[in-house]
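Everything below concerns the one structure shown next.
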Amino acid sequence: MNLEDYLNNLIERGFLKKEEVGIDQVSALLKTASKNIKAAEKNLDIDEETCYTMAYNSMIKVARAVLFLHNLRPANGQQHKTTIEVAGKILGKEFNDLIKRFDQMRKKRNVFTYEPLIPLSEQETIQSIETAKSFYIKVKGFLSEKKFQLNIFK
């Protein structure tokens, strides 16, 4: 199934909706994504869960920006999962490894959010920050290659 058919299928099933999204919203998402990464790095010595969550939040914002640039918005009760899957399809095979790590982070974040006795290691936290940075940088390159003439990655 090609990308257009895949997206239309998700729209028909109610997982996505078409919506004109302003570039100001995309810009705001990307700017706060960058800030989330910086906040995660600065708080590493204080709280692993906060850092992990900030790294994850950065990635979900970047992924939402990818959807928004295609005039799409997740519309179901599984918005994070849908956002990750659709961003992965739009970004393509080159992003498979990052998308897998992103989805693992989604699951891990869900576990420690709702099961407070499940530990989160410092190494997992450090890796989450590195994954968020890689995702941000790689998506920036992808958007540049696709000729999205946007001056929003500052």
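Restricting the stretch 77-115 to residues that are under 18 Å from CYS51 (Cβ atoms) and hydrophobic (A, V, I, L, M, F, W, C) leaves a set whose member that is surrounded by the fewest Cβ atoms within 10 Å (Cβ to Cβ) is VAL111. Of the residues making up the stretch 36-83, just one is modelled with pLDDT of 95 or more and acidic (Asp, Glu), namely GLU41.
Tallying residues that are under 23 Å from ASN2 (Cα atoms), under 15 Å from the mean Cα position of the chain (by Cα) and in a helix (DSSP H, G or I) within the stretch 67-101 yields 22.
The residue that is modelled with the highest pLDDT, among those in the stretch 134-151 that are hydrophobic (A, V, I, L, M, F, W, C) and surrounded by 17 or more Cβ atoms within 10 Å (Cβ to Cβ), is PHE135. Restricting to the stretch 10-61, name every residue that is more than 28 Å from TYR114 (Cβ to Cβ) and among the acidic types (Asp, Glu). Selection gives GLU12, GLU19, GLU20, ASP24.
In the condition set (1) modelled with pLDDT of 95 or more; (2) not in a helix (DSSP H, G or I), THR32 is compliant with all but (2).
Of the residues making up the stretch 7-30, those that are surrounded by 15 or more Cβ atoms within 10 Å (Cβ to Cβ) and touching a residue at least 60 places away in the same chain (Cβ under 8 Å) are LEU7, LEU10, PHE15, LEU16, VAL26, SER27, LEU30. Among the candidates ILE137, ILE118, ILE99, ILE84, the residue that is among the β-branched types (Val, Ile, Thr) and in contact (Cβ under 8 Å) with a residue 24 or more places away in the chain is uniquely ILE84. Within the stretch 26-57, the residues that satisfy the criterion of being under 16 Å from GLU124 (Cα atoms) and either of a type in the set (Phe, Trp, Tyr) or touching a Phe, Trp or Tyr at 6+ places or on another chain (Cβ under 8 Å) (or both) are ILE37, ALA40, GLU49, TYR52, TYR56. For LEU3, the stated conditions do not hold, so it cannot be described as farther than 20 Å from GLN104 by Cα and surrounded by 20 or more Cβ atoms within 10 Å (Cβ to Cβ).
The values are calculated or read from the model by the stated rules, or taken from the named source; none is laboratory data. Keep in mind that this is a model prediction, so the values were computed, not measured. Because the Cβ atoms are built from the backbone with ideal geometry, glycine has one as well, and the counts that use them run over all protein chains shown.
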